[in-house]
Amino acid sequence: MNSDEKSKDKDPLDPAQAANENEAAHGRQGLNQGGAYVDERIGLEVQISELETQAAALKDKYLRAHAEMENTRRRAEKDVADARNFSIAGFARDMLAVADNLGRALEAVDPAIREAADDTFKTLLEGVELTNRELAKTLEKHGVRLLDPLNQKFDPNFHQAMFEVPDDTVPAGTVKQVVQPGYAIGDRVLRPAMVGIAKGGPKAGSANGGEVDKSA
């Protein structure tokens, strides 16, 4: 049997069947393309998620580094301020003894003796008074302030109670006598004022202010 006869024996494709086969072929091609698109989209979403995670981690590192730099800057500024304000604390504390001695010398002179004294002695007293005032001004210029709390409310941050004074005319805890004035530099106590406080009167309110640095 020749080729012509073989072709005659083969049934021709039905047009509907041919259309179905063609449509099926196109469908398979579309599925293949759709699957590739889905795979590509999933891959891009994974990459985006990884990039977002990396970006979040970098942002967190940046914020932590920035916060640490700010803390370091603030600590440095505080150290500089403390060094500037408290660098003379030791010297100032030593000078308090000089101020105390000058004050005691002036208090030891009875007013009557002062009035009856000759010009030389009066000039000497004036020199001591001038020295005492200049010393006080110099200490104040460098941030050292006098604590003389007479008739003020007792504050344990700045005052040291030595004894109690019976007095019901003022609230209990009022400073009625200053045995020795105190000194402070900023909020740091160089020496607390030694005082006598009243008792017997109405109770005074709690002292204002927070804790004070006494490490100078």
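The values are calculated or read from the model by the stated rules, or taken from the named source; none is laboratory data. In this text the structure is predicted, and so the values were computed from the model without any measurement. Cβ coordinates were reconstructed from backbone atoms using ideal geometry, including for glycine residues, and neighbour counts include every protein chain displayed.
Looking only at segment 145-161, how many residues end up being surrounded by 17 or more Cβ atoms within 10 Å (Cβ to Cβ) and assigned to a strand (DSSP E or B)?
Count: 3.
All but one of (1) modelled with pLDDT under 90; (2) part of a strand (DSSP E or B) hold for residue 164, so report the exception by its number.
Every listed condition holds for residue 164 apart from (1).
So, in segment 116-143, of the ones that are in contact with a strand residue (DSSP E or B) (Cβ under 9 Å, 6 or more places away or on another chain) and either modelled with pLDDT of 90 or more or farther than 30 Å from residue 173 by Cα (or both), which residue ends up surrounded by the most Cβ atoms within 10 Å (Cβ to Cβ)?
Pass one, segment 116-143, residues in contact with a strand residue (DSSP E or B) (Cβ under 9 Å, 6 or more places away or on another chain): 136, 138-140, 142-143.
Narrowing further to those that are either modelled with pLDDT of 90 or more or farther than 30 Å from residue 173 by Cα (or both): 138, 142.
Working: 138: 12, 142: 15.
The residue in question is 142.
Mind listing whichever residues of segment 57-115 are closer than 18 Å to residue 187 by Cβ and exposed (fewer than 10 other Cβ atoms within 10 Å of the Cβ)?
The one that is closer than 18 Å to residue 187 by Cβ and exposed (fewer than 10 other Cβ atoms within 10 Å of the Cβ): 83.
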